[in-house]
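Just so it is clear, none of the values below were taken in a lab; they were calculated from the coordinates. From a predicted model like this one, the values you see are computed outputs, not experimental measurements. We place every Cβ from the backbone using ideal geometry, glycine too, and count neighbours over all the protein chains shown.
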Amino acid sequence: MAYWSSPRRRRRLLWLGAAFLAVLGFLAVDALLPSRGGPVRVSPTETAGTLAFSRSNAAEIAAAARAEAAARPLANQFVDDLAGHRHLDRAFGLLTPKLREHYSQQDWASGRDLPLSGVQSSTGGATVAFSGRSTVGFVASLPPNVLFAVRFDKLPVLGWRVAYVSEGHGSSRISESNFSPAGFAPGSHANTLGTWLILLGGFAALVAVVALLDRRLSK
């Protein structure tokens, strides 16, 4: 007990504990928030031949297959139009009303404000990352080293529309098969400024509490 009777040692332990909590919190946030190399939901149709499904699952698989068939031509056309800088008005017309709020139609039509840039040719086809009754996610790999994620959602009246786009780059660990930017897959959420402000606020609060306890222990 004599060891812990020293105020200096107790204060040192306090700061070490705070540092441990800060690192633990950062690792937890990093693990919970989606990242560019995070896991994706595989299309159910790709596993239909290896698993036994109930009637309800079989119905969902059939619905996902129909969704893929309907959205795939639109996805290939959308990516090709952006990569080739042609029919940009047509590509803009595929965006959901909510996504259109992030782009200027005039700049989009002129090629100055596109979610895909720096590519050398069209894709020739996008890979299905996940699919469901009313949503299908695609990832296209384009030269020189560009990965482009696009999600189509089926909207009432409007039908299939582009609800999400994100450009990234491949690496030794990230490829067309596992590219999953934040907010792309169903159930994931985009990393917003608010998320990081909350994280920084929590860290500042932790430092403030530890500093207050340190001051009391020093008396």
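For R161, what is the net charge nearby, where nearby means another residue's Cβ is under 14 Å from its Cβ and Lys, Arg count +1, Asp, Glu -1?
Taking every other residue near R161 into account, the sum is +3.
Can you compute the charge dipole magnitude of segment 44-190 about its Cα centre, using +1 on each Lys and Arg Cβ and -1 on each Asp and Glu Cβ, nothing else charged? Give it in debye, rounded to the nearest 20.
Numbers: 13 positive and 12 negative charges, 65 e Å.
The dipole magnitude comes to about 320 debye.
If amide H atoms are built 1.01 Å from N in the plane of the peptide, which residues on other chains or at least 5 residues away come under 5 Å of the amide H of L95?
V162
How would you rank V79, V139, going from fewest to most other Cβ atoms within 10 Å of each one's own Cβ?
Values: V79 25, V139 28.
Going from least to most buried by this count: V79, V139.
I want the local charge near V136. Using Cβ-Cβ distances under 9 Å, sum +1 for each Lys or Arg and -1 for each Asp or Glu among the other residues.
Numbers: positive: R72, R151, K154; negative: E68, D153.
Surrounding charge for V136 is +1.
Using the Cβ atoms and a cut-off under 13 Å, what net charge is assigned to the surroundings of R100, where Lys and Arg are +1 and Asp and Glu are -1?
On the way: positive: K98, R161; negative: D89, E101, D107, D113.
With Lys, Arg at +1 and Asp, Glu at -1, the net is -2.
Take the alpha carbon atoms of segment 85-155, find their radius of gyration, then divide it by 2.2 N^0.38 Å using N residues; give the quotient. Walk me through the numbers on the way to the answer.
Details: Rg = 12.9 Å, N = 71, 2.2 N^0.38 = 11.1 Å.
Compared with the compact-globule rule of thumb, segment 85-155 sits at 1.16.
Scaled to the compact-protein estimate 2.2 N^0.38 Å, what is the alpha-carbon radius of gyration of segment 44-190, rounded to two decimal places?
Values: Rg = 15.6 Å, N = 147, 2.2 N^0.38 = 14.7 Å.
For segment 44-190, the normalised Cα radius of gyration comes out at 1.06.
Ratio of Rg to Rh for segment 57-123, alpha carbon only, Kirkwood? Let's see the in-between values first.
Working: Rg = 14.4 Å, Rh = 13.2 Å.
Using only Cα positions, Rg/Rh for segment 57-123 is 1.09.
With labels modelled as points extended 7 Å from the Cα through the Cβ direction, what inter-label distance (nm, one decimal) is found for D113 paired with R90?
A separation of 2.3 nm, rounded to one decimal place.
Among G183, F130, A64, pick out the residue whose Cα is farthest towards the positive end of the charge dipole of segment 44-190, where Lys and Arg carry +1 and Asp and Glu carry -1 on C-beta, about the Cα centre.
A64
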